[in-house]
Amino acid sequence: MTTASLSDTFAIGGDLTVHRLGYGAMQLPGPGVWGEPADRDGALAVLRAAVEQGVDLIDTADSYGPLVSEQLIAEALHPYPEGLVVATKAGLTRQGPGIWTPVGRPAYLRQQVELSLRHLRVERIDLIQLHRIDPDVPLADQLGAFRELQEEGKVRHIGVSEVSVAELEAAREIVDVVSVQNLYNLTNRQSQDVLDHATEHGIAFIPWFPIATGDLAAPDSPVADIARELDATPAQVALAWLLQKSPVVLPIPGTKSVDHLTENMGAARLSLSPEDVARLDALA
Ligand SMILES: NC(=O)c1ccc[n+]([C@@H]2O[C@H](COP(=O)([O-])OP(=O)(O)OC[C@H]3O[C@@H](n4cnc5c(N)ncnc54)[C@H](OP(=O)(O)O)[C@@H]3O)[C@@H](O)[C@H]2O)c1
């Protein structure tokens, strides 16, 4: 059995069943998530290795590159293996490396979904996530654009990203929200209330920065001691902690390295005792 498939499963929206340990494809484009990767073959190899290791949830966005991450996914993996869920996002525009600006005008969101369909080479997007709420556009118009695309069969499920509980509740009044993607990891739990809300309502919670952009994987990681005791790596401990947190949590660690990917997927083998969890919980 491949490693990621040792993690248990969650049915996103009730019908997209994935193993809970996935892969985030934001690290694949160039520096600042801008432009082509320095090592294009290496990026393609990471994507293929993820699927070989049992990953069946890949997270990306139109704005990663922009376009580059989606194009790499299609080049590496199309035609997609049955059961592979590629979740993408729209709603952030790019003005250069490291710059992200929300735009939620319905015509723009529709254009980006049409482009994602083309770049991912699919007829329907499994999960489209509103990358950020644009404060200058009514939320009903932003999510309404996705609902129209859903009614047209171009989008299967709708999710949101970086929202408060109040925003999540408002979004759920407009569309059926099946996932929420917020910053959350062992040392940053500011979205704990959103995770609790997602758990209560059976909504997938996709924590971004699951290993704190690498800080939790570093030799001086706050989990380094516990990792040594468990004969695991710090990254594996950080991911295993997320997996035990709630059955709706779907971590999507990002990397441009096959070695790091393989290490991270090994988190699915690690089981934490209640004592380990209590010590890790106390590290917040
Ligand atoms: N919704 C949003 O607004 C939002 C925002 C940010 C991210 N995301 C999503 O969340 C995913 C995960 O976030 P992320 O990739 O930014 O952060 P992350 O998964 O917390 O960390 C990735 C960073 O850690 C390093 N790393 C990964 N595994 C490692 C290991 N085993 N040992 C040492 N270093 C390791 C990577 O470098 P190497 O490449 O060298 O391994 C990379 O720099 C993204 O890919 C994206 O899909 C969403």
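Just so it is clear, none of the values below were taken in a lab; they were calculated from the coordinates. All values reported here derive from a predicted model rather than from experimental measurement. All Cβ positions, even for glycine, are placed from backbone atoms using ideal geometry, and neighbour counts span all protein chains on display.
For the stretch 90-112, give me the residue count where each residue is surrounded by 17 or more Cβ atoms within 10 Å (Cβ to Cβ) and small (Gly, Ala, Ser).
3
Say whether the condition of being within 14 Å of the ligand (Cβ to nearest atom), among the aromatic types (Phe, Trp, Tyr) and closer than 25 Å to ASP259 by Cβ is met by at least one residue in the stretch 195-206.
no
If you take the residues of the stretch 17-55 that are assigned to a loop (DSSP other than H, G, I, E, B) and among the acidic types (Asp, Glu), which of them is farthest from THR101 (Cα to Cα)?
It comes out as ASP39.
Looking at GLN181, GLN192, which is the one that is polar (S, T, N, Q) and either more than 16 Å from the ligand (Cβ to nearest atom) or farther than 19 Å from PRO247 by Cα (or both)?
Sole residue among the options that is polar (S, T, N, Q) and either more than 16 Å from the ligand (Cβ to nearest atom) or farther than 19 Å from PRO247 by Cα (or both): GLN192.
Applying the selection to the stretch 255-265, what residues are in contact (Cβ under 8 Å) with a residue 24 or more places away in the chain and either more than 9 Å from the ligand (Cβ to nearest atom) or surrounded by fewer than 20 Cβ atoms within 10 Å (Cβ to Cβ) (or both)?
Correct list: LYS256, SER257, VAL258, HIS260, THR262, MET265.
Restricting to the stretch 59-96, count the residues that are within 13 Å of the ligand (Cβ to nearest atom) and of a type in the set (Asp, Glu).
Matching residues across the stretch 59-96 total 3.
Being out of contact with any Lys or Arg (no Cβ under 9 Å at 6 or more places or on another chain), of a type outside the set (Ser, Thr, Tyr) and within 15 Å of the ligand (Cβ to nearest atom) is true for just one of LEU115, LEU120. Which residue is that?
So the residue among LEU115, LEU120 that is out of contact with any Lys or Arg (no Cβ under 9 Å at 6 or more places or on another chain), of a type outside the set (Ser, Thr, Tyr) and within 15 Å of the ligand (Cβ to nearest atom) is LEU120.
Can you pull out every residue in the stretch 243-261 that is assigned to a helix (DSSP H, G or I) and polar (S, T, N, Q)?
GLN244
Given the criteria within 23 Å of LEU250 (Cα to Cα) and not polar (S, T, N, Q), does ASP39 qualify?
Spelling it out, it is not the case that ASP39 is within 23 Å of LEU250 (Cα to Cα) and not polar (S, T, N, Q).
List every residue pair whose Cβ atoms lie under 8 Å apart, where the two residues are 6 or more positions apart in sequence or sit on different chains, the first residue falls within the stretch 8-33 and is closer than 12 Å to VAL85 by Cα and without any contact (Cβ under 8 Å) to a residue 24 or more places away in the chain, and the second residue, located anywhere, is away from the ligand (no atom under 15 Å from the Cβ) and not in a loop (DSSP other than H, G, I, E, B).
Listed pairs, sorted by first residue: ALA11/THR17.
Would you be able to say whether some residue in the stretch 97-110 is farther than 16 Å from LEU16 by Cβ, in a strand (DSSP E or B), in contact with a Phe, Trp or Tyr (Cβ under 9 Å, 6 or more places away or on another chain) and within 13 Å of the ligand (Cβ to nearest atom)?
Taking every residue of the stretch 97-110 in turn, none turns out to be farther than 16 Å from LEU16 by Cβ, in a strand (DSSP E or B), in contact with a Phe, Trp or Tyr (Cβ under 9 Å, 6 or more places away or on another chain) and within 13 Å of the ligand (Cβ to nearest atom).
I need the full set of residues from the stretch 123-148 which are farther than 14 Å from GLY104 by Cβ and buried (at least 19 other Cβ atoms within 10 Å of the Cβ), in order please.
Matches in the stretch 123-148: ILE125, ASP126, LEU127.
Checking ALA278 against (1) closer than 24 Å to VAL18 by Cα; (2) more than 10 Å from the ligand (Cβ to nearest atom), which test does it fail?
The failed condition is (1).
Among the numbered criteria (1) free of Cβ contacts under 8 Å to residues at least 60 places away in the same chain; (2) in a loop (DSSP other than H, G, I, E, B); (3) touching a Leu at 6+ places or on another chain (Cβ under 9 Å), which single criterion is violated by ALA76?
Unmet condition: (2).
Only one of these conditions is not met by LEU115: (1) buried (at least 22 other Cβ atoms within 10 Å of the Cβ); (2) part of a helix (DSSP H, G or I). Which number is it?
(1)
If a residue must be in contact with a strand residue (DSSP E or B) (Cβ under 6 Å, 6 or more places away or on another chain) and more than 17 Å from ARG20 (Cα to Cα), how many such residues does the stretch 46-72 contain?
Of the residues in the stretch 46-72, 3 are in contact with a strand residue (DSSP E or B) (Cβ under 6 Å, 6 or more places away or on another chain) and more than 17 Å from ARG20 (Cα to Cα).
Which residues, counting only those in the stretch 209-254, are touching a strand residue (DSSP E or B) at 6+ places or on another chain (Cβ under 8 Å), within 11 Å of the ligand (Cβ to nearest atom) and in contact (Cβ under 8 Å) with a residue 40 or more places away in the chain?
PRO210, ILE211, ALA238, LEU242, LEU250, ILE252, PRO253, GLY254
Determine which single condition THR101 fails, assuming it passes every other condition in (1) under 18 Å from VAL175 (Cβ atoms); (2) free of Cβ contacts under 8 Å to residues at least 60 places away in the same chain; (3) touching a Lys or Arg at 6+ places or on another chain (Cβ under 8 Å).
(1)
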